[in-house]
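Student: Pasting in a structure now, in structure tokens, and then I'll have a few things to ask.
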Amino acid sequence: MPVLKREQARDMGDPSCLPNLPVPPLKQTLDMYLKCMGHLIPEEQFKKTKVIVEKFGTPGGMGDFLQKKLLERSEHTANWVYDYWLEDMYLSNRLALPVNSSPVMVFSKQNFRSQSDTLRFAANLISGILEYKSLIDGHVLPVEYGRGQQAGTPLCMNQYNKVFASYRLPGPKMDTLVAQKSTVMPEPEHIIVACKNQFFVLDVVINFRRLNEKDLYTQLERIRGMSDIEEERLPPIGLLTSDGRTQWAEARSVLIKDSTNRDSLDMIERCLCLVCLDEPSGTELNDTNRALLMLHGGGTDKNGGNRWYDKPMQFVIGADGCCGVVCEHAPLEGIVLVQCTEYLLKYMKGNPSKLVRAASMSELPAPSRLRWKCSPDIQTFLTASAEQLQRLVENLDMNVSKFTGYGKEFIKKQEMSPDAYVQVALQLTFYRCHGCLVPTYESASIRRFREGRVDNIRSSTPEALAFVKAMANSSKTTDVEKMNLLWTAIKAQTKYTILAINGMAIDNHLLGLREIAKELKLEKPELFCDTTYATSIHFILSTSQVPTTEEMFCCYGPVVPNGYGACYNPQMDHIIFCVSSFCDSAETSSDLFVKTLEGCLKEMQDLCIKCNTKAKPADSTKRMDGTTKVMKNGSKS
């Protein structure tokens, strides 16, 4: 997309030009809630839930009252659900950020032949980061437009302002998303470089001049040398940020009692981002292992302490070629992570490092090492954090697989949405593995609205259940009937997707009703005390489509102990699947899920080839007897 003129970009990126998020009609949400859950819970439980929902929705009842309060809120705020959603989804979550919350982008393996290759790559990447930040600061980042179901609709660009200017501050009960305020006279800008579990301040603007790539290389080389001085090494304080949020908040409150620690924390919290120069992991760098290393650093004996998880962007550059980005999810969605990362990779391709040798070191002030004063209490916290991270490392079950049977090109020729098709395939897979369907989360962007983030597409529809049951009972259902049921499931998925991106899904609305009751200090409505509601938000299958145009993939961990994380990246002739689960759950197995998924995708392809009369004709499809069938329009099938 071409860069827009500054004034045009600023006007189009102004969120006030976008519509406010609507509040869905109460009856519509309650009816849809019952439809979404009726086939996923026992019949007796559903009968009780139906009574509770009908009581809540009675005209003049509690639901009506809360709906009116939500409508009032929507008139006085840019986005009525944003604060509720941010707290519920991220800030009140007490789990550790690695694996549980922070998604990662995994690059293709780099072939570094020497340390200078690694530092060249890092300097080139930092140059791209500074270029990208200048686009954000200058309001000239091109406005994005929706694709697929929302093609041509301008999208809210607010999240980009937080990529390099926010920080997640841990709290004992709830975290705070801190946004750095821009000033007329900008402060000297710096990046924090993590190397051998030590943290260094790399000033990227010195005397009002942005460092060029040669300068950056010089400074990185200095940092690398400083990190080798063993007598100056300090404990791996970054480990504290990998712990549960309440534990980290408690440790931080002890850390800040010392002025040296306060100064070091301030430098990290105000930095643009982190660049983590990792040591070789000593493991085979296949896709699955690179994903694992990006998600948790490999634990305390590898690079687990070479991180600071509270910053939105950590760019990881491993000496062994394991590279990628770790993203703190509270300020931004996956699409922003993708767009930023793709810009950087394209920048590096278009501006390859041409360094021959480093600039003279005497011209630049030396980078500084962050100092820490570690009391016995801090040492105790560090030991506990290291043990917790190690448990997380040992518990994560990951499988990254490239399905090469076909990709989105084949699916589009069936006149089907690739995303809806894959979602139905995931439902079929889960049913094959577990004999039932469960509440499923698929993120749907609502960026067409002011300050829009996401809502949930509930993919485990009644129509999907009918299809997967038919596939399981092959002898009782004809292929033509199965094909019709597949089409019905695809259409149901597509219909819910359209509702979600237009602000009409149920999850944000129910959350808003629940939270406004709490805000008004009312007794918790029975609807939200019901077992069905608890089941409805326990997402055993958490999914997301994260397509890329560069060679990389996204992955994340499960969101519940007995669940799966399933991220997928559809390309023209293949689909990358990243499936995660926890080893200590007897119910799940990532390897089994992926193996079953591949079989289901092949079965669905066979069904479409045999029975999909709506498919676009192929140029020439050979039959078993070697003949071709000529269609009425002259094409062959």
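The values are calculated or read from the model by the stated rules, or taken from the named source; none is laboratory data. As the structure is a computational prediction, the values presented were derived from the model and not from experiment. Quick reminder, even Gly has a Cβ in these numbers, built from the backbone with ideal geometry, and neighbours come from all protein chains shown. When the accessible area is computed, the model is the full protein with side chains, heavy atoms only, and any ligands, DNA or RNA have been set aside. Shrake-Rupley method; radii C 1.70, N 1.55, O 1.52, S 1.80 Å.
Student: Per residue, what accessible area does the stretch 289-387 have, given a 1.4 Å probe and all protein chains present, in Å²?
Tutor: Here the residues of the stretch 289-387 average 36 Å² of exposed surface.
Student: Each label point is 7 Å from the Cα along the Cα-to-Cβ direction; what then is the distance between the points at LEU34 and SER253, in nm?
Tutor: 4.7
Student: For the stretch 436-493, just say rounded, prolate or oblate: build the C-alpha gyration tensor, square-root its eigenvalues into a ≥ b ≥ c, call rounded for a/c under 1.5, and beyond that prolate if a/b exceeds b/c, oblate if not.
Tutor: Because a/c hits 1.5 or more and a/b exceeds b/c, the stretch 436-493 counts as prolate.
Student: As a quick test, which of the pairs LYS35/LYS402; LYS257/LYS302; LYS35/LYS408; LYS311/LYS518; LYS412/LYS602 have an alpha carbon distance above 26 angstrom in this structure?
Tutor: LYS35/LYS402; LYS257/LYS302; LYS35/LYS408; LYS311/LYS518
Student: Add +1 for every Lys or Arg and -1 for every Asp or Glu among the other residues with Cβ under 9 Å from the Cβ of SER581, and state the total.
Tutor: Taking every other residue near SER581 into account, the sum is -2.
Student: Sort the stretch 235-371 into rounded, prolate or oblate with this rule: let a ≥ b ≥ c be the square roots of the eigenvalues of the Cα gyration tensor; rounded if a/c is under 1.5, and if a/c is not under 1.5, prolate when a/b is larger than b/c, oblate otherwise.
Tutor: Verdict is oblate for the stretch 235-371.
Student: Between VAL480 and GLU44, what length comes free when the chain is fully extended (0.36 nm per residue of separation minus the Cα-Cα distance, one decimal in nm)?
Tutor: Once the chain is fully extended between VAL480 and GLU44, it gains 153.6 nm.
Student: With label points built 7 Å along Cα→Cβ from the Cα atoms of GLU72 and ASN395, find their separation and express it in nm.
Tutor: Here the answer is 4.3 nm between the modelled labels.
Student: In whole Å, what are the extents of the stretch 515-595 along the principal axes defined by its C-alpha atoms, from largest to smallest?
Tutor: Projected onto the principal axes, the Cα atoms of the stretch 515-595 cover 53, 33, 16 Å.
Student: Length gain on complete extension for the stretch ASP377 to GLU587, per 0.36 nm per residue less the alpha carbon to alpha carbon distance?
Tutor: In short, 71.7 nm is gained.
Student: Just want to confirm a number: the relative contact order over the stretch 410-473, from Cα pairs under 8 angstrom separated by 6+ residues, in percent.
Tutor: So the answer I get is 28 percent.
Student: What net charge do the residues around GLY503 carry, taking every other residue with its C-beta under 10 Å from that of GLY503, with Lys and Arg at +1 and Asp and Glu at -1?
Tutor: 0
Student: Quantify, in whole percent, the carbon and sulfur part of the accessible surface of the chain (1.4 Å probe; protein heavy atoms only).
Tutor: Accessible surface attributable to carbon and sulfur in the chain totals 53 percent.
Student: Please give the length that would be gained between LYS518 and THR535 if that part of the chain were fully extended, namely 0.36 nm times their separation in residues minus their C-alpha to C-alpha distance (nm, one decimal).
Tutor: Stretched out fully, the LYS518 to THR535 stretch lengthens by 4.1 nm.
Student: Where Lys and Arg each count +1 and Asp and Glu each count -1, what net charge lies around CYS322 among other residues with Cβ under 13 Å from its Cβ?
Tutor: -2
Student: For the stretch 27-186, evaluate the Debye formula with one uniform point scatterer on each Cα (no solvent term) and list log10 I(q)/I(0) at q = 0.13 Å⁻¹, rounded to two decimals.
Tutor: -1.07
Student: Please find the FRET efficiency linking ILE206 to ASP266, where r is the Cβ-Cβ separation and R0 is fixed at 25 Å, and quote it to the nearest 0.05.
Tutor: Taking R0 as 25 Å, the efficiency between ILE206 and ASP266 is 0.80.
Student: Using only alpha carbon pairs under 8 Å that are at least six residues apart, calculate the relative contact order of the stretch 483-574 and give it in whole percent.
Tutor: Rounded, it is 18 percent for the stretch 483-574.
Student: From the P(r) of the chain, can you give the percent of Cα pairs sitting at distances over 39 Å?
Tutor: Tail of P(r) above 39 Å: 35 percent of Cα pairs.
Student: Let me ask something additional. Apply the Karplus curve 6.51 cos²θ - 1.76 cosθ + 1.60, θ = phi - 60°, to the phi angles in the stretch 91-104 and return the couplings in whole Hz, x for Gly and Pro.
Tutor: 5, 8, 6, 8, 5, 4, 5, x, 6, 6, 9, 7, x, 10
Student: Related question: What aspartates and glutamates does LYS109 reach when the alpha-carbon gap must be under 16 Å and sequence neighbours fewer than 8 apart in one chain are set aside?
Tutor: Candidates past the 8-residue exclusion: ASP117, ASP278, GLU279, GLU284, ASP287, ASP320, GLU342, GLU550, GLU551.
Student: Here's another thing I want to ask about it. Using a probe radius of 1.4 Å on heavy atoms only, what accessible surface per residue do you get for the stretch 39-137? Whole Å² is fine.
Tutor: That works out to 45 Å² per residue.
Student: Looking at the calculated P(r) for the stretch 468-564, what percent of the C-alpha pair distances fall above 24 Å?
Tutor: Roughly 53 percent, rounded to a whole number.
Student: When only the heavy atoms of the protein chains count and the probe is 1.4 Å, how do ARG222, ARG447, ARG113 rank by accessible area, highest first?
Tutor: My answer, sorted largest first, is ARG113, ARG222, ARG447.
Student: Where does each of VAL81, VAL393 land when they are ordered by accessible area, with a 1.4 Å probe and the largest first?
Tutor: Highest to lowest solvent-accessible surface, that is VAL393, VAL81.
Student: So which trypsin sites (Lys or Arg not before Pro) in the stretch 501-539 are both in a DSSP loop and have at most 14 other Cβ atoms within 10 Å of their Cβ?
Tutor: Passing sites in the stretch 501-539 are LYS521.
Student: Averaging sequence separations of C-alpha pairs under 8 Å and six or more residues apart, then dividing by the length of the stretch 549-596, give the relative contact order as a whole percent.
Tutor: Computed value for the stretch 549-596: 31 percent relative contact order.
Student: With viscosity set to 0.692 mPa s and temperature to 37 °C, compute the Stokes-Einstein D of the stretch 411-472, Rh being the Kirkwood radius across alpha carbon pairs; µm²/s, no decimals.
Tutor: It diffuses with D of about 255 µm²/s by this estimate.
Student: Which of the aspartates and glutamates could be linked to LYS69 by a straight reach, that is with a Cα gap under 12 Å, when you skip same-chain ones fewer than 8 residues away?
Tutor: Reachable aspartates and glutamates: GLU515, GLU519.
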